[in-house]
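Report on the following structure.
Taken together, the values in this text are just the output of simple stated rules run on the coordinates, not laboratory data. Note that the structure is predicted; figures quoted are calculated from it, not measured. Cβ sites come from the backbone with ideal geometry, for glycine too, and all protein chains shown count toward neighbours.
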Amino acid sequence: MEWNDVKEILEDVKPILKATSDAICILDKYGNTIYENPLYEIMLKRGNLEIVADSKDIYVDGKKAGKVIVYHDISEVNRLRRELDRLNQKLRKVEAKYSFKDIIGENEKMLEAINVAKTAAMTPATIMLRGESGTGKEIFANAIHNTSPRRNEKFVKINCSSIPDELLESELFGYKEGAFTGAQRGGKKGLFQEADRGSLFLDEIGDVSPRMQVKILRALQEKEIMPVGSTESIPIDVRIICATNKPLEKMIEDGEFREDLYYRLNVFPIKIPPLRERKDDIEAISMYLLNQYNDYYGRKVTSIDKEAIKLLKKGDWPGNVRELQNVLSRALINLSEDEEVLTAEDIEASINGEDARPRKHRNPGGVPENIPSELNAAVEYIETTVIKRAIEQAGGDKNKAAVTLGIPLRTLYYKCKKLGI
């Protein structure tokens, strides 16, 4: 077959190449373009696409004679992927479930905790999360479960300090019908049973009484539970994640926490650093929280000014990220709906617990405050300011500026000439 024969074949298949949904270019053996289909020409004109290319060499009598290149526009695929990531983040927020993507920070100590947690997640080992209140122990527990082989099973959590000791046993282990006055008919499954084949998060484990410590220890050792009022044990397969901000080692010395239970729970300890030890993460955490809270509070804040970040970094944050959340929430609530920047004054007012800070210096529309008192001069002053702003925001494109201003292009030109813009 000669190259001329290839050209003849190309003429025969041009109608097919024109109708295809891919951009196609054919080169000769010297790299010169000998054919481009219409979609390829459109792709070149648009110029801002995200493109991947597949190519195949053309051979004539065993010698390379040219190349066919097929271009695929993946910008829409990438857009959909970004949209899916955004929706997944919202879904995690709605369901109150988190992954390691929701743990924000590049601090060395935090990255070490994340890496250890990721490693531990893939094992069946019991995990002990240590850290001050508000450091994100529950988020870590969620992330560990959602990364583990048990991620498709239940994640059950209980705050051990929020339930009276006399009720905690029935909550954890369940009870049989008639076990005590007020017991519901048919009995009730305990959280160990609810979490079977999944994960059980025991938050504030350091607040459990010595009596309950014995029962939890037995459940972990025997891998079975006995509901209140029952004489039969029920086997369980539960992955335990626990958390505490208490000094368990000191509690063991004081006889307040069982040493054998401590070693059962402390198989894989993970220390989560307090916010004061990773202040370099405050800006990233704050922006992440603002992006979440904008929808919740009906605001549209897109940035935090540098002075506000400096002010946030000055704090010791004894309440850690939870305290930071509260400060940012108050600051957002006190903003008007059209404000887009969180300032140091906003943060200071929020830290001080003020309901709102004075706004007379604020100028939400961007119109200067030193407006002339004479009406015609004031109108001219405002028109000049607003038109200049619109043109500047449109990058000098007066067509776009006219659309933004809601006036005909001819009117914009007239006003620019009249106002000397």
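With the charge dipole of the chain set up from +1 on Lys and Arg Cβ and -1 on Asp and Glu Cβ about the Cα centre, the Cα lying farthest toward the positive end among the listed residues Leu375, Ala120, Gly178 is that of Leu375. Helix 3-19 and the long axis of the chain differ in direction by around 70°, with both axes built from C-alpha atoms.
Applying the Karplus relation 6.51 cos²θ - 1.76 cosθ + 1.60 with θ = phi - 60° to region 407-421 yields 3J(HN,Hα) values of 10, x, 4, 4, 5, 4, 4, 4, 5, 4, 5, 5, 8, x, 8 Hz, where x marks Gly and Pro. For the options Gly187, Gly229, Gly66, a Gaussian network treatment of the chain with springs between C-alpha atoms closer than 10 Å singles out Gly66 as fluctuating the most.
Relative to the current alpha-carbon distance between Asp54 and Asn294, full extension at 0.36 nm per residue lengthens the span by 82.1 nm. For Lys67, neighbours were defined as the other residues whose beta-carbon sits under 14 Å from its Cβ, and their charges (Lys and Arg +1, Asp and Glu -1) total 0.
At a 10 angstrom cut-off on C-beta neighbours, averaged per residue, how do the peptides 54-64, 212-222 rank from highest to lowest?
212-222, 54-64
Looking at region 98-170, which chymotrypsin sites (Phe, Trp or Tyr not before Pro) are DSSP coil and have at most 10 other C-beta atoms within 10 Å of their C-beta? For chymotrypsin sites (Phe, Trp or Tyr not before Pro) across region 98-170 that sit outside H, G, I, E and B with at most 10 neighbouring Cβ atoms in 10 Å, the list is empty. Given R0 = 25 Å, the distance between the Cβ atoms of Ile9 and Glu36 translates into a calculated FRET efficiency of 0.90. Relative to the current alpha-carbon distance between Val403 and Lys97, full extension at 0.36 nm per residue lengthens the span by 105.8 nm.
Were the residues from Leu375 through Thr20 laid out at 0.36 nm apart, the gain over their Cα-Cα distance would be 121.4 nm.
Ignoring lysines fewer than eight residues from Lys417 along the same chain, the ones with Cα atoms less than 27 angstrom from its Cα are Lys388, Lys398, Lys400. Mind jotting down the distance between the C-alpha centroids of region 384-421 and region 102-154, whole Å? Comparing the Cα centres of region 102-154 and region 384-421, I get a distance of 54 Å.
Between Asp305 and Glu222, the simple spin-label model (points 7 angstrom out along Cα→Cβ) gives 6.5 nm.
Count the lysine pairs in region 276-351 whose Cα atoms lie under 19 Å apart, taking only pairs 8 or more positions apart in sequence or on different chains.
Counting lysine pairs in region 276-351 gives 5.
Against the chain, whose longest principal axis comes from its Cα atoms, helix 108-121 is set at around 70 degrees.
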